[in-house]
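Okay, structure first, notes after.
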Amino acid sequence: MYVTLPNFLEKLDILTTVLFILCLETGGVDGQEGEGCGHTVQGSSSGTLASRNFPGTYPNDTQCEWRLQAPQGTGLTLVFGDFDLEYSKHCTAGSLTILLTGEPASSIGPLCGNMNMIQKKLTLNSSEVTIRFESGTHRSGRGFLLSYTTEGHSGLTSCMERGTYRTAPQFSALCPAGCRNVSGDIWGEFSQGYRDTSVLCKAAIHAGVISDERGGPIKVSRERSITLYEASLANGVLSKTGPLSEKRLVFHKECTGALPVSSFNASSSWEEVDSLGHHVLWSPRNADLHSQGPAWAAGSSEQSASLEMDLGERRNITGQYYHKGLGRPE
């Protein structure tokens with residue numbers, strides 16, 4: 001599998017080296033249906049679902065179904081970040097039911113009430129699950145926020161978990177896709193760390209450790225606090241200015257330098273004869289940061305150049321790329 005940069009040199013004659021920062025692998029599920037659906041982000045291996053208007057009161061007489069599917073022979077892990085459906089006999093004011101496909105088919109629920117009345121984390125052996133939310137006439141209730149992973153990861157956390165919930169000096173967790181627009185504040189920025197009252201996964205998105213579309217694993221240290229946490233906007237998340245806290249959250253990136261590239265392939269290469277009469281080829285093999293000699297440049301007649309890089313085991317990435325170089329010699 002290749003990462004392709006189409007049209008990268010369409011109007012620029014440039015010698016290019018590409019530095020990828022932040023390598024993480026994640027990924028969608030099946031879909032949703034109904035007018036009672038709220039915030040929903042479904043990646044290939046994790047996601048986040050919420051009732052309509054969450055954390056506000058969900059409307060009367062609505063329904064929504066989300067279909068989740070894991071690879072055959074595997075299961076799903078569900079974690080509730082919040083659950084508040086007005087309690088009623090037979091859960092007629094609002095309910096959540098988890099339907100498991102299999103032989104025989106089974107279900108969990110209908111569920112209603114609050115977090116103290118349900119199991120916060122569920123490990124399901126079925127590879128196909130339908131989440132069904134239905135609301136009747138009610139007066140109160142925030143609804144629910146639910147996250148899932150198809151990878152069977154025991155460290156799955158909720159979008160609403162704060163750093164103060166953790167006490168270990170270092171810890172790891174799996175953030176689901178879809179936490180960026182879930183309610184919850186953060187204070188600080190990546191270089192200085194974050195106030196420990198920050199919601200973990202939103203802070204991880206702000207820090208650039210994971211993307212909202214994919215989620216992913218995080219590694220965090222709880223360290224000595226600083227006097228003032230500064231506000232900043234990064235990756236679509238605005239952090240706040242905050243005072244001294246008990247602890248400071250420091251995120252550790254899996255990749256802090258250039259990703260190793262197994263091979264390069266380009267749509268064309270620039271060739272020339274230098275002043276000494278030597279043949280010079282600006283080959284894609286020289287696009288690697290550690291290669292000696294001229295880097296890669298597209299051919300003189302190329303109108304829509306592209307450079308492909310085989311990243312080997314790290315084929316799915318999130319993050320940023322940077323290009324640098326000199327204008328191609330005339």
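The values are calculated or read from the model by the stated rules, or taken from the named source; none is laboratory data. Only a predicted model underlies this, so the values are computations on that prediction, with no experimental measurement involved. Please note: Cβ atoms are built from the backbone with ideal geometry, for glycine as well, and neighbour counts cover all protein chains shown. Side chains are part of the model used for accessible areas, which takes the heavy atoms of the whole protein and leaves out ligands, DNA and RNA. Shrake-Rupley method; radii C 1.70, N 1.55, O 1.52, S 1.80 Å.
Could you sort out which of K120/K240; K121/K253; K202/K240; K121/K247 sit more than 24 Å apart by Cα distance in this structure?
K120/K240; K121/K253; K121/K247
Please compute the volume of the convex hull spanned by the alpha-carbon atoms of region 54-131 and report it per residue in Å³. Write down the numbers at each step before the final one.
Details: hull volume 7.8 nm³, N = 78.
Dividing the Cα hull volume of region 54-131 by its residue count gives 100 Å³.
Any idea of the accessible area per residue across region 74-200, 1.4 Å probe, to the nearest Å²?
Ligands and nucleic acids excluded, the result is 43 Å² per residue.
Once the other residues with Cβ under 13 Å from the Cβ of S158 are scored (Lys, Arg +1; Asp, Glu -1), what is the net sum? Let's see the in-between values first.
Values: positive: K120, K121, R162, R166, K202; negative: D82, E161.
Every neighbour counted, the sum reads +3.
Net charge near S245: determine it from the other residues with C-beta under 14 Å of the C-beta of S245, scoring Lys and Arg +1 and Asp and Glu -1.
Its environment carries a net charge of +3.
I need the P(r) histogram for region 199-285: all alpha carbon pairs, bin width 5 Å from 0 out to the longest distance, whole percents.
Answer for region 199-285: a P(r) of 3, 11, 14, 15, 12, 8, 7, 6, 6, 7, 6, 4, 2, 0 percent.
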